[in-house]
Each structure stands twice: as C-alpha cells, then as structure tokens.
Amino acid sequence: MAAEIQPRPQTRKPVLLSKIEGFQDVVNTAVIIPKEDGVISVSQDRTIRVWLKRDSGQYWPSVFHTMPGESSVQHRSKHYGTSRRFSYQEFVLSEDYNQMTPARTYQAHQGGVTVVLFVLEMEWVLSTGQDKSFTWHCSENGQQLGTYQTAAWVSGLQFDVETRHAFVGDHSGQVTILKLEQDNCSLVTTFKGHTSNVTALCWDPVQRVLFSGSSDHSIIMWDIGGRKGTAFELQGHNDKVQGLCYAPHTRQLISCGSDGGIVIWNMDVTRQETPEWLDSDSCQKCEQPFFWNFKQMWDSKKIGLRQHHCRKCGQAVCGKCSSKRSTIPLMGFEFEVRVCDSCHGSITDEERAPTATFHDSKHSIIHMQYEPTRGWLLTSGTDKIIKLWDMTPVVS
C-alpha cells in the first residue's frame, strides 16, 4: 500500500484569485473566457451560466440557460458547444456576453456524449460517447464526416493538427491512436499502461509527448515523438487524476486530482522508466522461498515468505530484504516507496531531489482548465465551488 503523500514546505504557491459560488449542484465542467474576466460553467442540474466579474470584484451570472439533459462545454471564439444526451449543440455568445443563441445541433451518438473537442484549424468537431463511438463533424455545415467504434466508453480525447492523429483514452485503461482523413480514419496503434480507466489526456505537439491520467492515481508520459516506445510514470496523487495540462514554455505539467492536490511537475529533466517486475519463486537477494514454493519450503524446512518488488530494480524480494523506503523522483516516485536494501544504499541525495511541488486546493477537484496567456488555473470541486488561481508564482 502506497504511503500517504506528505506535501513539502513551499516557498511559492498558487494564489487564489476568486471563488465562484451559488451553484445548486456540482459543476461538471467550466472554461475561462479568453481575454475576459469571465467563466462559463455547466452543472449537473443541466444549467449553463456565463459569469462576468463585476466592479465589486465578484462574479455574477449574465446568462442562465437550462439544457434538456446533462451537459458539458467547449469554446471556439464566440461559439460555445455544449454536449448532452445523444447530441451536442453549438451556441453563439453576444459581444457583451449577455445573450446565448443556439446555432447548430449535431446528432452524433446513440448514448450520452462524453467528450467534445473543437479543432479550429481543420474546422472539425470531434466527439465521443457512451455508445463506444468516436465521431467527427464539419463545424461549418454540421455534416458528419466519419465514425469509429472504440473498445470501451471514451473518457479522454486529444488531437494533433500536424499529423491528424486523434488520441482516445477509454474506460479499459487503453489509449488508441487514430489517423483521421476527411471522411475516414485508420487505426495506428494502441497502448495500455494504466490498471484503471483513463480520466484525462494532454498532448504536447512541440515535444510530441502524450500525458494520460487515470483512476489508478497515476500519470504516464508517452514519448510518441521519440519512436522508441518509452513511457515514464508519475506518482503524485492519492486519488483519481481528474485533469492534466502542459505549459510548454516552462516544460511543466500541471495535474489535479480528487484528493484536492495541484501538482506541478518539472518535465525538463531526464526521467527514467520504471523497471518491469521480475518473476521468481524465491527472494532474489537471500534466496528464501516464497509461500507458494512448496518444494523449496519442504527441502529447506523453512516457512514461505510474502513476495514484494523493489521499485528501483524490479527484483522480487522478501520483506526483510526490502525493509527501507525512498523517494525516486526521476522514476516518478515523489513519495517514499519500497526498495531493496542494496538499491537504497545506491540512491544518492541528488537522485532524491524532488522534481514536483504539491499544493492543496482545499476541495476535491473534478475538473480543471489552464489558461496559459494569463497563467490562470480553474478548478471545480465536489463542494459546488469554482476557484480561479494565479499559477505564475509556480509555473515559471
């Protein structure tokens, strides 16, 4: 069982700018309005609200709209799309943000819509649903261009404009890469590293790296551009990872989780892959038999021991030979994990230097969005509150 993460003392931390309260239900998703002191929110009570900052410094709704079904929101200039059961709808906001006019409805799925993504450069709208389908439409005329059946209900979606690759993360823990054309797509590859469903995806087109977060509390960095199949684990949350965003100018990853943690990862370091766990019928250090190795237990007249694994070398070891704990930040372990005694002695103080900082949002986060121009982070929580953070003290 993993040890509880103990946040280290911080000299710098995110600054809480504002709280937006007054919701009757949990906010599923929200976006910061670009170049404005405003937020668009969608709640479980099916309401869409446009919040503008008033002279008092507080945010008040200028638009209050109720959708027929549960919704989420995406933005494209003054066009905002909301997804609901079986379809998603596009709205146009007025210049003063006081009116929202329906523009187009996309009939896309046979089940609830889970993710909607606008691709401005292609004039495409990508969407996924609980019917295990991925579709893309033309945003200019609303025509469906293509569809693809996925292995499981999709919960994460990203797109690379240059290569036209769609990254699809699903509830089986798998990530699928698809090559999209104007009216068809082809399967490129699939990869799986999570033991539970994928909850968030983030694509960096410059470094050509994909980040995936999961209900298994972990983040995996997939080096797509390196073409070597390398994947690096990041362990920094005690609960489900709910959101990921990457700041390319500083090479920092921001992750948020149900544990309320906001973690800032320094990705400008040379990271190491975690080793594969080795199989053995006896401890690979002292050679004592494990409890299922009946023959060696009988021959040596010894009681079988429980098997553990060293997180640094991957060897199968007994509890006595792995009694020590250590952080291994370059392998993604920012909190102490089990290591064998020989590996513990080989880890230097420099190798134990942290590569991430931990900050408490003081609410269980279910959604996040990062606005890089101003360095603002939006988090919404199970406490029915939206918080706006100035991240420039830590993302710099």
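The values are calculated or read from the model by the stated rules, or taken from the named source; none is laboratory data. Everything numeric in this text was worked out from a predicted model, so none of it was measured. Neighbour counts run over all protein chains shown; Cβ positions are idealised from the backbone, glycine included. Just the protein is used for accessible areas: all its heavy atoms, side chains included, with ligands, DNA and RNA removed. Shrake-Rupley method; radii C 1.70, N 1.55, O 1.52, S 1.80 Å.
Tabulated data
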quantity: Surface share of carbon and sulfur [accessible, 1.4 angstrom probe, percent] for the chain; calculated: 48 percent
quantity: Relative contact order [Cα under 8 Å, 6+ residues apart], the chain, whole percent; calculated: 14 percent
quantity: Ordering of 189-197, 364-372 by packing [mean C-beta count within 10 Å, highest first]; calculated: 364-372, 189-197
quantity: Proximal lysines to K295, defined as alpha-carbon separation beneath 22 angstrom and excluding residues fewer than eight positions away on the same chain; calculated: K285, K320
quantity: For the stretch 294-348, the spread of Cα positions along each principal axis, largest first, Å; calculated: 42, 17, 14
quantity: Listed residue pairs exceeding 31 Å between alpha carbons, taken from K312/K384; K53/K362; K13/K240; K53/K179; K312/K362; calculated: K312/K384; K53/K179; K312/K362
quantity: The stretch 294-348 - accessible surface per residue (Å², probe 1.4 Å); calculated: 52 Å²
quantity: Cα-based equivalent ellipsoid, the chain: semi-axes from gyration tensor eigenvalues, Å; calculated: 42, 25, 18
quantity: Trypsin sites (Lys or Arg not before Pro) lying in DSSP loop within the stretch 200-245, provided at most 10 other Cβ fall within 10 Å; calculated: R227, K228
quantity: At most 16 other Cβ within 10 Å, DSSP loop - GluC sites (Glu not before Pro), the stretch 282-386; calculated: E287, E350, E351
